[in-house]
Ligand SMILES: [Zn+2]
């Protein structure tokens with residue numbers, strides 16, 4: 001084991017909390033295979049060292065980190081397989097045809113228990129997990145292993161891995177990062193809306209987006225990595241599944257739902273007070289995804305895609321987001337009450 005490997009293991013030990021059945025969630029051969037395949041697409045310089053580290057932790061989000069010492073310079077992708085396990089449950093809510101209310105609450109309690117466990121708040125974590133169990137069996141379990149959900153998870157996993165390799169690719173560019181051109185391209189999407197929209201809310205959102213793009217380089221980088229990941233997904237679907245419009249649309253739906261899941265989990269992580277802050281970065285990524293994919297499609301596919309995205313956004317709001325935001329606000333209030341009572345009791 002090299003000294004950078006050792007440093008990485010220590011970092012993971014301190015920063016991340018493994019889930020109990022971690023090994024079962026990590027399909028090592030499959031993920032390594034995908035990693036090799038995407039790395040080839042990235043055309044990395046031959047001296048670039050990227051290592052894949054697989055884990056399954058309550059932290060959920062994959063990250064990329066570069067460790068350098070006198071003899072080594074390694075870029076590590078820490079891929080967290082637990083995220084797609086959570087996505088499988090969220091996808092089930094999305095596919096379910098009936099009311100998802102009880103399951104959204106169940107999920108909100110579980111995610112809260114996991115977040116509080118990471119914050120070492122054992123009382124709040126216990127409260128949340130007991131409430132999760134008290135809600136009984138999940139109504140949407142039947143959707144968890146459907147072939148449609150399998151396909152969604154497969155594409156979402158591929159997308160996340162490709163997005164992270166996209167970051168590694170940018171690290172590789174060093175000071176020649178192609179952020180400037182991209183920043184201009186992104187800003188032009190929103191200046192178009194400022195000039196052409198009659199809706200005052202849309203104009204103000206587009207103005208804020210333009211500002212954010214010029215002040216915040218990381219959002220540009222996220223979009224560059226999204227573009228790379230979209231391109232990889234498209235190639236993957238066409239070579240391993242089918243070139244039909246239906247299959248491509250299903251893959252794009254899986255990616256769009258994946259972006260929504262990421263936004264939902266980030267919202268939960270930050271708490272209801274910071275949700276507004278997120279709104280702007282989310283709309284930049286969503287709008288970019290929409291425009292970028294549209295650019296890759298044949299003229300007859302464009303209207304199919306537009307219709308699919310509109311239906312998908314509506315379904316997501318209805319099946320997951322609205323109820324989840326309600327649960328999030330109510331739950332945060334209860335956690336505050338509980339924390340205060342615990343402090344009073346212990347005085
Ligand atoms: Zn990213």
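Does the range 225-232 include one or more residues that are touching a helix residue (DSSP H, G or I) at 6+ places or on another chain (Cβ under 8 Å), farther than 30 Å from residue 113 by Cβ and more than 16 Å from the ligand (Cβ to nearest atom)? There is no residue in the range 225-232 that is touching a helix residue (DSSP H, G or I) at 6+ places or on another chain (Cβ under 8 Å), farther than 30 Å from residue 113 by Cβ and more than 16 Å from the ligand (Cβ to nearest atom). Scan the range 131-147 and tell me whether some residue there is closer than 11 Å to residue 254 by Cβ and either within 19 Å of the chain's Cα centre (by Cα) or more than 16 Å from the ligand (Cβ to nearest atom) (or both). The answer is no; no qualifying residue exists.
I'm trying to understand the selection: among the residues of the range 233-246, which are more than 16 Å from the ligand (Cβ to nearest atom) and crowded, with 19+ Cβ neighbours inside 10 Å?
Start the filter on the range 233-246 by keeping residues that are more than 16 Å from the ligand (Cβ to nearest atom), which leaves 234-246.
236, 237 - these are the residues of the range 233-246 that are more than 16 Å from the ligand (Cβ to nearest atom) and crowded, with 19+ Cβ neighbours inside 10 Å.
Note on the range 186-202: residues that are surrounded by 17 or more Cβ atoms within 10 Å (Cβ to Cβ) and more than 16 Å from the ligand (Cβ to nearest atom) amount to 4. Every condition in (1) in contact with a helix residue (DSSP H, G or I) (Cβ under 7 Å, 6 or more places away or on another chain); (2) more than 16 Å from the ligand (Cβ to nearest atom); (3) at pLDDT below 90 is met by residue 215 except one, and the failing one is (1). Per the listing 161, 205, the residue uniquely buried (at least 17 other Cβ atoms within 10 Å of the Cβ), within 15 Å of the ligand (Cβ to nearest atom), touching a residue at least 12 places away in the same chain (Cβ under 8 Å) and closer than 30 Å to residue 104 by Cβ is 161.
Looking across 314, 253, 306, one residue alone is at pLDDT 95 or above, closer than 20 Å to residue 162 by Cα and in a helix (DSSP H, G or I). It is 253.
Among residues of the range 220-238 that are under 11 Å from residue 166 (Cα atoms), those with a Cβ under 7 angstrom from a residue that is near the ligand (Cβ under 9 Å from one of its atoms) and assigned to a helix (DSSP H, G or I), sequence gap 6+ or separate chain, pair up as 224/166; 225/163; 225/166; 225/167; 226/163; 228/166; 229/163; 229/166.
The values are calculated or read from the model by the stated rules, or taken from the named source; none is laboratory data. Quick caveat: nothing in here was measured; it's all calculated off a predicted structure. Cβ coordinates were reconstructed from backbone atoms using ideal geometry, including for glycine residues, and neighbour counts include every protein chain displayed.
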